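The values are calculated or read from the model by the stated rules, or taken from the named source; none is laboratory data. Not measured: the values here are computed from a predicted model. Cβ atoms come from the backbone with ideal geometry, glycine included; neighbour counts cover every protein chain shown.
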Amino acid sequence: METLRVSGKSRPNSVAGAIAALLRSQSEVEVQAIGPEAVNQAIKAIAIARGYIAPDNLDLIVKPAFVKLELENEERTALRFTVRSQPLQP
């Protein structure tokens with residue numbers, strides 16, 4: 001499963017495009033964000049990605065979770081969004 005890391009300066013449309021492309025090819029992607037600005041951009045990107053995959057008759061399921069990451073010898077808490085695609089329900 002591919003992992004996308006989102007920062008507070010990430011462009012939601014660009015991240016959404018990456019999410020949509022990965023969902024079309026792999027049906028699952030992990031999005032990680034640390035900090036409120038990054039989480040905001042990640043959530044916006046996930047919402048935009050839902051619109052990008054709808055024409056392909058796909059919807060998405062998002063499962064959020066807290067994870068501990070080791071960055072530069074420092075433990076940080078991140079939000080991990082596991083995003084899966086599924087056929088669009090009528």
How many residues are part of a strand (DSSP E or B) and over 13 Å from Arg80 (Cβ atoms) if we restrict to region 35-66?
-> 4
Restricting to region 1-34, what's the tally of residues that are more than 11 Å from the chain's Cα centre (by Cα), at pLDDT 95 or above and either surrounded by fewer than 17 Cβ atoms within 10 Å (Cβ to Cβ) or assigned to a strand (DSSP E or B) (or both)?
-> 7
Among residues belonging to region 59-90 that are touching a Phe, Trp or Tyr at 6+ places or on another chain (Cβ under 9 Å) and among the aliphatic types (A, V, I, L, M), point out the one that is surrounded by the fewest Cβ atoms within 10 Å (Cβ to Cβ).
-> Ala65
